[in-house]
Every structure is written in C-alpha cells, then in structure tokens.
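Asker: Just dropping this structure here.
No value in this document is a laboratory result; all are computed from the given coordinates. Note that the coordinates shown come from a computational prediction; the quantities given were computed from them, not determined experimentally. As a convention, Cβ positions derive from the backbone with ideal geometry for all residues, glycine included, and neighbour counts pool all protein chains shown.
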Amino acid sequence: MSHCQIPQDHRDVSDHIQALARSISTQVSPQGGHWVNVGFSGMLLQLNVSIGRRSDLHNPTAVSKTYSVYLPPCQRAPHDSLEQLQAIARDLEALLPGVVAA
C-alpha cells in the first residue's frame, strides 16, 4: 500500500455509506423521509456525513446529525476509524424501510 492510499476496508465502507445516502435521500416515505449529505475531503482524508429530516429542510432551527471521521493514513485518524465508519453505515441502514439495524 502506498503512503497516501486509504485502506481497502475503509474505502469499501465509505462506498457503502455513499450508496446508502443515495437510497435514503431518494426514497419516498409517508413520514417525509430523510436527506443525507456525504462529503469527502481528499486533502484532509476526512469523511463527513450529515443526516436530517426532510420536513426540517427549511427550518433554520432544526438540528441535523453530523459525523466526521479521519481516515488512515491521516495522522489524525483514530485507531477505531473503521468501527466509526461501520457505525455510521448501521445508523443509515436503520433509516431504510424494512431494515433492522444490528
């Protein structure tokens, strides 16, 4: 692995998070559903995920849930960065209809 390459397992979970974000953000739900924003800073090797309710989209006082994880080989990456990514994925999976989070 080169010095600047993100480990494959981290990349796989990050890709899964992005796929979940697309599914969640495009699903139609009687409850209004959620929006998900995923951003990646290649310079910082940081993945940022925000989740909010569609019904709160235009509410300036609404609070979204936000995650931020540095990925290896960034020196700021925590030792449990993979577990943090997996926890984000589980939280997103719980927003999909018919899915029971582990």
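Asker: Among V63, V28, V36, which is out of contact with any Asp or Glu (no Cβ under 9 Å at 6 or more places or on another chain), among the hydrophobic types (A, V, I, L, M, F, W, C) and loosely packed, with under 15 Cβ neighbours inside 10 Å?
Answerer: So the residue among V63, V28, V36 that is out of contact with any Asp or Glu (no Cβ under 9 Å at 6 or more places or on another chain), among the hydrophobic types (A, V, I, L, M, F, W, C) and loosely packed, with under 15 Cβ neighbours inside 10 Å is V28.
Asker: What strands (runs of 3 or more DSSP E), lying completely within segment 11-102, carry at least 3 residues that are in contact with a helix residue (DSSP H, G or I) (Cβ under 6 Å, 6 or more places away or on another chain)?
Answerer: 34-41
Asker: Looking only at segment 46-56, decide whether some residue is out of contact with any strand residue (DSSP E or B) (no Cβ under 9 Å at 6 or more places or on another chain) and within 28 Å of P78 (Cα to Cα).
Answerer: No.
Asker: Restricted to segment 52-83, and to residues that are of a type in the set (S, T, N, Q) and under 13 Å from the mean Cα position of the chain (by Cα), which residue is farthest from Q5 (Cα to Cα)?
Answerer: The extreme case among them is S64.
Asker: L45 versus (1) at positive phi; (2) within 11 Å of the chain's Cα centre (by Cα): which is the lone unmet condition?
Answerer: All conditions pass for L45, except number (2).
Asker: What are the residues in segment 1-10 that are exposed (fewer than 12 other Cβ atoms within 10 Å of the Cβ) and in a loop (DSSP other than H, G, I, E, B), if any?
Answerer: M1, S2, H3, C4, Q5
Asker: Ok, one more. Out of all the residues in segment 78-98, is one or more surrounded by fewer than 17 Cβ atoms within 10 Å (Cβ to Cβ) and on the phi > 0 side of the Ramachandran plot?
Answerer: Yes, segment 78-98 contains at least one residue that is surrounded by fewer than 17 Cβ atoms within 10 Å (Cβ to Cβ) and on the phi > 0 side of the Ramachandran plot.
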